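The values are calculated or read from the model by the stated rules, or taken from the named source; none is laboratory data. Only a predicted model underlies this, so the values are computations on that prediction, with no experimental measurement involved. Reconstructed Cβ throughout: ideal geometry from the backbone, glycine too, with neighbour counts over all protein chains shown. Note: accessible area is taken over every heavy atom of the protein model, side chains too, but ligands, DNA and RNA are not part of it. Shrake-Rupley method; radii C 1.70, N 1.55, O 1.52, S 1.80 Å.
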Number of protein chains: 2
Amino acid sequence: MVEKNTEEKIIVAAEKVFIEKGLAGARMQEIADEAGINKSLLHYYYRSKEKLFTMVFKIAFKTFAPDLIKAFEGDDDFFVKIERFVFAYLSIIDKNPHIPVFIISELGNNPKRLVDIIGYLDLNVQPVYDAIEEEIKKKMIKEIEPSDLIINVIALCVFPVVAKPIIKNIVFKGSEEEYKKMLDRRKVEAARFVISAIKNTD
Amino acid sequence: MVEKNTEEKIIVAAEKVFIEKGLAGARMQEIADEAGINKSLLHYYYRSKEKLFTMVFKIAFKTFAPDLIKAFEGDDDFFVKIERFVFAYLSIIDKNPHIPVFIISELGNNPKRLVDIIGYLDLNVQPVYDAIEEEIKKKMIKEIEPSDLIINVIALCVFPVVAKPIIKNIVFKGSEEEYKKMLDRRKVEAARFVISAIKNTD
DNA sequence: AAATGGTTTAACCAAATGGTTAAAGTAGTT
DNA sequence: AACTACTTTAACCATTTGGTTAAACCATTT
């Protein structure tokens, strides 16, 4: 048991409830219960549901904005960079498997929310674009739109987790074990798949 | 204006509202308004919100369960099958871009819902597995777990749509046009990417 | 003309919900 | 001892929400 102050306890509880039920489905009482406090105190710290939600959402989003830029700087081989990124990103997802669905759901209900957040994080994808274009110029990889490549890499990481119920039940006939094995395999195989797709064979 | 009976009008209206707001966020009054009827009549046809939602969800899910089996039967070249599937599936998504997020969201909130549905649709993925394994045996494609390949193909189709707000705002800096161009490109490029990844070069 | 099934109106209800208020208690600080 | 910040209790409130009921209306069919 780690001692936590009330503010933190509330955030942790709110995260849990919001991620599980969404903004509309979550109840302030449930968040208070989960935090082991009462509703009055909850409102004492965070004036409204909307404000509390916004905090939680921002935290969740920050956790998941992949640090693409960081992964792609440095002198390492481009393919090694991809391998490292996929492994790192899938490891984060492993630890927080419900966050991607949460973000996608709430952004689906209210895409405007993102506009506020973008300001806080400075996400400049240009360096990654440049790195990809350089590899193309050097004929190390095939011609591809940089944005397409980025989207593909992230898709191969995120989709298996957001579609878990479907994949687990239809592809793996309900086996949690088979599903987990697939996710684990993917930490290496997703990068292999991508590299194999773009590597130049001239 | 096509004349519709009330039952249909309700389903159409319910689809719209549920997809937009989710189960918890949708209001029966709003559905009634959208259908141009009153709440009494709404309950006259569909006794409860939950029942109406279940109907809508099943319809949405059916629309989106990709007909993998159909796409992979026949004598055509395996790579042509992939190309055809990707094109067809992305075209369906084009026409109903909000359904994937809807399914993922609601399944995230209540994964049990899927178990009911699976009975209705007979989804046997075995033939697709077999087809993939045969290609591997014939050394036409590289070694890959069939389930991984299936997941990858669908990920490359679905993810760009479910993550639209993020992709549009971060990758394409808010440009709807650039985003749409990417989706269109993908109808051909996603298959190219996959084929390039798995084609054997021995 | 009577019966039928769909439709409207409008009032109604119980429960839930986000949020408030006020008064009292507690622990540490000055 | 007084002050401060945090915490609890518990009552309270306005609004919303899913759902019901009953009476009347209307068009078609019998």
Label spacing, shortest first and in nm, from A:GLU133 to its equivalents in the remaining copies (7 angstrom along Cα→Cβ): 4.7
A:ALA88-B:ASN96 pseudo-label distance in nm [points 7 Å out on the Cα-to-Cβ vector]: 3.9
Whole-percent carbon and sulfur share, accessible surface of segment A:1-155, 1.4 Å: 52
Neighbour net charge for B:VAL161 - beta-carbon separation under 10 angstrom, K R +1, D E -1: +1
Global form of segment B:6-59, assessed from the alpha-carbon gyration tensor, a/c cut-off 1.5: rounded
Euclidean distance of C-alpha centroids, segment B:1-76 and segment B:165-202, integer Å: 30
Angle in degrees between helix B:78-95 and the longest Cα principal axis of chain B, rounded to the nearest 10: 20
Low-density loop positions, trypsin sites (Lys or Arg not before Pro), segment B:95-202 - DSSP coil, at most 14 other Cβ in 10 Å: B:LYS138, B:LYS139, B:LYS173
Neighbour-limited loop hits for GluC sites (Glu not before Pro), segment B:115-156 (at most 16 other Cβ within 10 Å; DSSP other than H, G, I, E, B): B:GLU143
Cα coordinate range in the protein assembly as shown, projected on the principal axes (Å, largest first): 66, 55, 42
Nearest-20 debye value, segment B:58-122 charge dipole, Cβ charges on Lys, Arg, Asp, Glu: 400
Per-copy distances of the A:ASN200 label point, shortest first, in nm (7 angstrom along Cα→Cβ): 2.7
Helical contribution to [θ] at 222 nm, DSSP H n ≥ 4, -39,500 (n - 2.57), averaged over the protein assembly as shown, rounded to 500: -23000 deg cm²/dmol
Proximal charge balance of B:ALA191 [Cβ under 11 Å; K/R count +1, D/E count -1]: +3
0 to 90° range, to nearest 10: angle between helix B:49-64 axis and chain B longest Cα axis: 30
Radius of gyration, Dmax [segment B:65-198; alpha carbons; angstrom]: 16.1, 46
Label point 7 Å beyond Cα along the C-beta direction, distances from A:LYS95 to other copies (nm, shortest first): 4.4
Cβ-based net charge around A:PHE53, under 14 Å, with every Lys or Arg adding one and every Asp or Glu removing one: +3
FRET efficiency estimate (nearest 0.05) - Cβ-Cβ, A:GLU7 to A:ASP116, R0 30 angstrom: 0.90
